[in-house]
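As structure tokens, the structure follows; a few thoughts come after it.
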Amino acid sequence: MKKMILVLMPLSILMATNVKGQAPQVVIDKAETERIEKFLSSDDLAGRKTFSKDIDKAADFIANEFKTAGLAKLNPLPTYLQSFTKLNVKFISAKGNLDGTEIEGRSIIAVTPQASLVVNETSGYEVVKINKEDNLIVAVRKYIAANKPYVVMVDESFAQNFNRLVQLKSNTNAQQASLIFVLSNLSPAKFSFDIQNQIEQLPLANVVGVIPGKTMPNEYVIFSGHYDHLGVNGKKAVDGDSIYNGANDDAAGTTAMIMLSKYFKKLNNNARTLIFVAFTAEEVGGFGAQYFSKQFDPMTVKAMFNLEMIGTESKWGKNSAYITGFEKTNMGTILQKNLEGTGFQFYPDPYTDQNLFYRSDNATLARLGVPAHTISTSKMDNEPTYHKVSDQFETIDLVNMNEIIKAIALSAQSIISGKDTPTRVDTTQLK
């Protein structure tokens, strides 16, 4: 009989037991969750569109929550805002010559932060080759990661997919080395290129708070959610509503991240350093997570909890959620073990056909080997408000959402304390 009582013990009781003697109160309460969620999904923020003044309001609100909770700033930042610049590159023209043979502009794709790029074989560019037996995407990623100036000769067998590389321009940043992709089977000794672009600098900012680790300060555990959404549909209103409030996507995940920051600050017993980050620009390319990830040696990041759309019931009902990329590390197994006896269950991602592991802000660090997973409840085969104006505060199940936040807090304890260290992602198996 005692065993049955343990299994059915509410998370709220377990949380109270966990916090007793270490913090003045249980801070993960429904009223506080509701306050934060309600503001982030309010019409006043007009859908938190990237590059808008409305998303700046959301950033200021999140920064103030970190300040009120007593979180530290990420060194060496002077504020909670991790500001950076996104380059908007508009192609104007491209000319090329390989050993005296003129190359058409459509066979040249330059990924560069420079408005004018004029180079030849004396400019320090190495000529490399993507052969027909290579995996095009894997090879391209290798050259991008090297961050060296290359002229990349792409075998003509990739002609059908070559133009897909234009998408790389959307990830251009001011620090990266220029890459010139050329669709040609030649191996030139001499070459020249004249690339002209129009460059626009667009300001962005993540919001980051830190709780320094007590005994393992140089090992990091990250909690994240993205605070941007789709803004306002200026062309078509639905029942008089044109604001994409993004209550579930992802005000819910951002709210959970903030609530967890308050909880762990109250506990104040974390061995590893905890980093809480609200990412910008997830909806338009994941630029916030990409910039953030480059500020860390990935080997120092021991786990990442990315929180995405937890405001509705999962396919299994209440007190449950799923973990993307479950099979790629043992982190999910650790979290499941830490929740034994609570009545809450984490499941592997049931929507593997939708490639969710690579579709949220965990993906950048995961590709670097970090056990970085997204926790979600969204029914991706049938989520009625996904990317619709109907994704509003009123659709959020606050009671269930609050229990999910508590479950995440409990499940993370052994990782935060340094007792457990999840296995790393095998980067050779990544897509």
Query raised in the report: Pairs, please: C-beta under 8 Å, at least 6 apart or cross-chain, first residue more than 29 Å from ILE108 (Cα to Cα) and touching a residue at least 12 places away in the same chain (Cβ under 8 Å) and in segment 68-97, second basic (Lys, Arg) and not in a strand (DSSP E or B)?
Result: ALA69/LYS262; ALA69/LYS265; GLY70/LYS265; LEU71/LYS265; THR79/LYS73; TYR80/LYS67; TYR80/LYS73
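Conditions (1) at pLDDT 90 or above; (2) in the same structural domain as GLY311 (by TED's automatic domain parsing); (3) more than 29 Å from the chain's Cα centre (by Cα), marked per residue:
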{"residue": "ALA23", "(1), (2), (3)": "no, yes, yes"}
{"residue": "ASP29", "(1), (2), (3)": "yes, yes, no"}
{"residue": "LYS38", "(1), (2), (3)": "yes, yes, no"}
{"residue": "ALA46", "(1), (2), (3)": "yes, yes, no"}
{"residue": "ILE55", "(1), (2), (3)": "yes, yes, no"}
{"residue": "ALA59", "(1), (2), (3)": "yes, yes, no"}
{"residue": "THR79", "(1), (2), (3)": "yes, no, no"}
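MET309: among the aliphatic types (A, V, I, L, M) and either part of a loop (DSSP other than H, G, I, E, B) or over 17 Å from HIS373 (Cα atoms) (or both), yes or no? Step through it out loud before you land on a result.
Working: among the aliphatic types (A, V, I, L, M): yes; either part of a loop (DSSP other than H, G, I, E, B) or over 17 Å from HIS373 (Cα atoms) (or both): yes.
Yes.
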Requested in this report: Filter segment 294-306 for residues that are of a type outside the set (D, E, K, R) and either in a strand (DSSP E or B) or buried (at least 23 other Cβ atoms within 10 Å of the Cβ) (or both) and give the result.
Outcome: VAL301, ALA303, MET304, PHE305, ASN306
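Results for (1) touching a His at 6+ places or on another chain (Cβ under 9 Å); (2) among the aliphatic types (A, V, I, L, M); (3) touching a residue at least 60 places away in the same chain (Cβ under 8 Å), shown as yes or no for each residue.
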{"residue": "SER184", "(1), (2), (3)": "no, no, yes"}
{"residue": "ASP194", "(1), (2), (3)": "no, no, yes"}
{"residue": "ALA205", "(1), (2), (3)": "no, yes, yes"}
{"residue": "GLU219", "(1), (2), (3)": "no, no, yes"}
{"residue": "ASP228", "(1), (2), (3)": "no, no, yes"}
{"residue": "ASP249", "(1), (2), (3)": "yes, no, yes"}
{"residue": "ILE258", "(1), (2), (3)": "no, yes, yes"}
Requested in this report: Report, by residue number, each residue of segment 386-422 that is among the acidic types (Asp, Glu) and in contact with a helix residue (DSSP H, G or I) (Cβ under 9 Å, 6 or more places away or on another chain).
Outcome: ASP391, GLU394, GLU403, ASP420
Requested in this report: Go over the candidates GLU327, GLU282 one by one and state the one that is modelled with pLDDT of 95 or more and under 24 Å from THR395 (Cα atoms).
Outcome: GLU282
Query raised in the report: Looking at segment 206-246, which of its residues are aliphatic (A, V, I, L, M), buried (at least 18 other Cβ atoms within 10 Å of the Cβ) and outside any strand (DSSP E or B)?
Result: LEU230
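Listed here are the residues, each with its yes/no results for (1) assigned to a helix (DSSP H, G or I); (2) not β-branched (Val, Ile, Thr).
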| residue | (1), (2) |
| --- | --- |
| THR342 | no, no |
| TYR347 | no, yes |
| ASP361 | no, yes |
| LEU368 | no, yes |
| LYS379 | no, yes |
| PRO384 | no, yes |
| VAL389 | no, no |
| ASN402 | yes, yes |
| LYS406 | yes, yes |
Query raised in the report: Does any residue of segment 306-314 turn out to be closer than 26 Å to LEU87 by Cβ and at pLDDT 95 or above?
Result: yes
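A quick yes/no check of all residues on (1) over 25 Å from the mean Cα position of the chain (by Cα); (2) closer than 28 Å to GLU200 by Cβ; (3) loosely packed, with under 13 Cβ neighbours inside 10 Å:
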| position | (1), (2), (3) |
| --- | --- |
| ASP99 | yes, no, yes |
| THR112 | no, yes, no |
| SER123 | yes, yes, no |
| ALA139 | no, no, no |
| ILE180 | yes, yes, no |
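The values are calculated or read from the model by the stated rules, or taken from the named source; none is laboratory data. These numbers come from a predicted model, not from an experiment. Using ideal geometry, Cβ is built from the backbone for each residue, glycine included, and neighbour counts are taken over all protein chains shown.
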